[in-house]
1. Against the longest alpha carbon principal axis of the chain, how many degrees, from 0 to 90 and to the nearest 10, is the axis of helix 40-51 turned?
2. Quickly rank 81-93, 144-156 as a protection proxy: mean count of other C-beta atoms within 10 Å, highest first.
3. Can you list the residues, at least 5 places off or on another chain, whose amide H is less than 5 Å from the amide H of A345, using H built in the peptide plane?
4. Equivalent-ellipsoid semi-axes (√(5λ), Cα gyration tensor) for the stretch 246-316, whole Å, largest first?
5. Under 18 Å from a point placed 7 Å out from the Cα of A52 along the Cα-to-Cβ direction: which residues of the stretch 26-45 have their backbone N that close?
6. Take the alpha-carbon centre of the stretch 1-30, take the same for the stretch 178-220, and report the distance between them in whole Å.
7. Does anyone have the angle between helix 302-311 and the longest principal axis of the chain? Alpha-carbon axes, 0 to 90°, nearest 10?
8. Could you list log10 I(q)/I(0) for the stretch 85-146 at q = 0.16, 0.22 Å⁻¹, which the Debye formula gives when each Cα is one point scatterer?
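Laboratory data are not the source of any read-out in this text; all were calculated from the coordinates shown. None of these values were measured; they are calculated from a predicted model. Note that we place each Cβ from the backbone using ideal geometry, even for glycine, and neighbour counts take in every protein chain shown.
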Amino acid sequence: MMLLVVNSGSSSVKLAAFEGTQQRAQAQVDRIGSGGPPDHAEALALGVAQLAVPARQIRAAAHRVVHGGAELTRTCRITPAIEQTIAACATLAPLHNPPALAGIAAVARLWPGLPQYAAFDTAFHASNPDVATTYALPAAERARGVRRYGFHGLSYAAIVRNMQHCYPNGVPKRLLSFHLGNGASSCAIVDGHSVASSMGFSPLDGLTMGTRPGGLDPAVVLDLVARHGLEQTAQMLNRGSGLKALGGSNDIRALHAARTPEAEFAIAHFCYWAARHGASLCAAMGGVDAITFTGGIGENDGICRSNILNHLAFLGAVMDGDANARGEKALHAATSRVAVWIVPADEERQIAIETAAAMSREGQT
Ligand code: ADP
């Protein structure tokens with residue numbers, strides 16, 4: 001029996017079929033509503049056909065949901081009440097939750113009665129202390145959920161799980177983890193639990209990203225809104241900033257290849273701010289024992305890894321340049337006080353594992 005893992009974006013659907021912890025097939029359908037399938041239901045049907053897994057073998061569907069708000073802090077079965085809560089969180093994550101809701105509705109339409117589960121990118125950070133999540137804003141704003149949540153949690157939970165293979169006798173106590181892809185963030189993890197994240201109320205905060213600026217003085221946002229209006233500002237901050245704005249592309253490979261001063265500055269900015277936020281997260285942990293890199297850039301870009309670690313050398317992290325150039329799993333030099341690892345992203349399997357756990361809690365297996 002298979003579990004269908006569904007990752008719905010605004011214009012794409014990624015699918016993976018899992019049998020236990022083994023991924024048996026994957027598929028991706030792009031350009032929903034712009035030349036490809038007209039909607040998420042059609043895209044899902046196409047994707048499932050690509051998977052070539054007989055529909056009768058699909059036992060349940062599990063959706064990646066970006067925002068679970070303060071309430072949804074672990075993977076759970078989607079009931080009408082849970083769906084309503086996810087919809088309510090869409091006001092906090094207007095760009096991120098609606099595609100997941102479209103995916104959930106599409107599965108319900110295609111396979112009425114199929115059990116559906118939701119796994120949340122915010123959930124791993126539910127362990128953050130109040131001092132880390134609270135904005136110093138008036139009580140009324142805090143009461144309606146304006147706080148830091150943190151994202152990329154499924155990726156970080158997978159890192160903690162996979163680090164256990166590197167350390168059978170116990171994962172290092174204080175782990176600074178970088179998820180560096182189009183979206184980029186960093187997370188402070190103590191004893192396997194998130195204590196702080198570079199992302200906040202939304203996935204806009206923190207590191208310089210592919211098309212998002214990372215941390216800004218709120219007065220900049222006020223200025224932009226006054227000048228350009230809300231909608232255009234949201235578009236600029238989500239799609240028109242970051243590496244793309246500084247260097248001309250959100251693809252770091254293109255920036256390395258371009259070799260223009262703007263492209264080099266964009267890469268330098270990305271690495272500098274990754275290190276600045278990383279060091280701040282180390283303060284939240286009182287130090288650091290190991291650093292991990294994941295995501296398209298974290299796993300593949302030795303130049304960025306090396307640049308970020310150079311900024312963090314004062315913490316006692318010494319990289320083995322040859323291991324880094326070869327993209328080996330362990331990157332620390334023998335003299336390094338801090339271990340450094342590449343840990344491949346493994347979010348889909350994390351969703352499958354958490355969903356299997358939720359099903360067994362509910363007696364579904
Ligand atoms: P997303 O956050 O959309 O899942 P990815 O994790 O795929 O994105 O990361 C995208 C980024 O990773 C891009 O900047 C891309 O250039 C970079 N990247 C992907 N593969 C490589 C590679 N082999 N070498 C260097 N950079 C890479």
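1. 80 degrees
2. Peptide ranking by packing, descending: 144-156, 81-93.
3. Result for A345 returns G295.
4. For the stretch 246-316, the ellipsoid semi-axes come out as 25, 12, 10 Å.
5. Output list for this probe position: 26-29, 45.
6. Each part reduced to its Cα centre gives a spacing of 26 Å.
7. Between the helix axis and the principal axis of the chain, the angle is about 60 degrees.
8. With one equal scatterer per Cα and no solvent, log10 I(q)/I(0) is -0.69, -1.01.
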